Amino acid sequence: MKVVPLGTLGELMQGLPHRFSPSRDLVEQDPTDGPAFHLLSIGDITGLTVTPGSSRPVHLPRGTPTDRYTLRNGDVLLTIRTRPFRAAAVTDPDPLMIPTQNLAVLRPNPDILHGPYLATYLNTPEAQTDINGRYGQSAATPLLKLSSLAEIPIPLPPMYIQKQIADLALSFEEEEKATQALLAERRALVQRSIALVIHQPPVTTPERLL
């Protein structure tokens, strides 16, 4: 199978620089009527697909290059600080989302790469082993440089196989989430039942009539 460096599969860039992060004072002095964005951080990358989580959308200062950093369908987010490494693909760009500087983005060439396939592969043990050896240190924090990310070898099957692999992984993840939700409900039910038995008033047995 063809294997190519990740950096050849599209545009690799870091998330929105800190200098564009919204400051309350700046926003109040120079309000904008533009759209609001969900700013994504490392903690928002929890599965194979990108969601805004519980973050609140914010308006960004005037002059922020939102066109460049707004996530598009097929983009792949990569965590570049702390371990473990995680990757997730954008399958629905609504609502508007922008990654922060602790994330990298691979904007795939859609003719050769299916974003969810890349996210799926990068979360495999095989890829994780390779990635773990590429970390450096920045102020005692594990850091992956873009140059190191760009060199990660990516197996590249035909597009239809990429999509089949991604669909299989995504469907399994949905089943796993549903199972976990069901188990959580059952656990809560068991705990409520135990508490009810423990704290209910004692049952008294009537004395036998003589």
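Summary table below
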| read-out | value |
| --- | --- |
| Cβ-derived FRET efficiency at R0 41 Å, ILE194 paired with ASN73, nearest 0.05 | 0.30 |
| Cα-centred dipole magnitude for the chain, charges only on beta-carbon of K, R (+1) and D, E (-1), debye, nearest 20 | 500 debye |
| Positive dipole terminus of segment 3-197, leading residue within THR79, LEU103, GLN137 (C-beta point charges) | GLN137 |
| Percent RCO, i.e. relative contact order, over segment 3-197, from Cα pairs under 8 Å lying at least 6 residues apart | 26 percent |
| Residue order, fewest to most surrounding Cβ atoms within 10 angstrom, among ILE80, ILE194, ILE165 | ILE194, ILE165, ILE80 |
| Cα long-axis angle, helix 159-199 against the chain (0 to 90 degrees, to the nearest 10) | 30 degrees |
| GLN128-SER147 pseudo-label distance in nm [points 7 Å out on the Cα-to-Cβ vector] | 2.8 nm |
| Label zone at GLN164 (point 7 Å along Cα-to-Cβ), backbone N below 18 Å, segment 115-144 | 115-118, 120-121 |
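Rule-based calculations on the coordinates, nothing more; no lab input. Because the structure is a prediction, the values reported are computed rather than measured. Cβ: placed from backbone, ideal geometry, glycine included. Neighbour counts: every protein chain shown.
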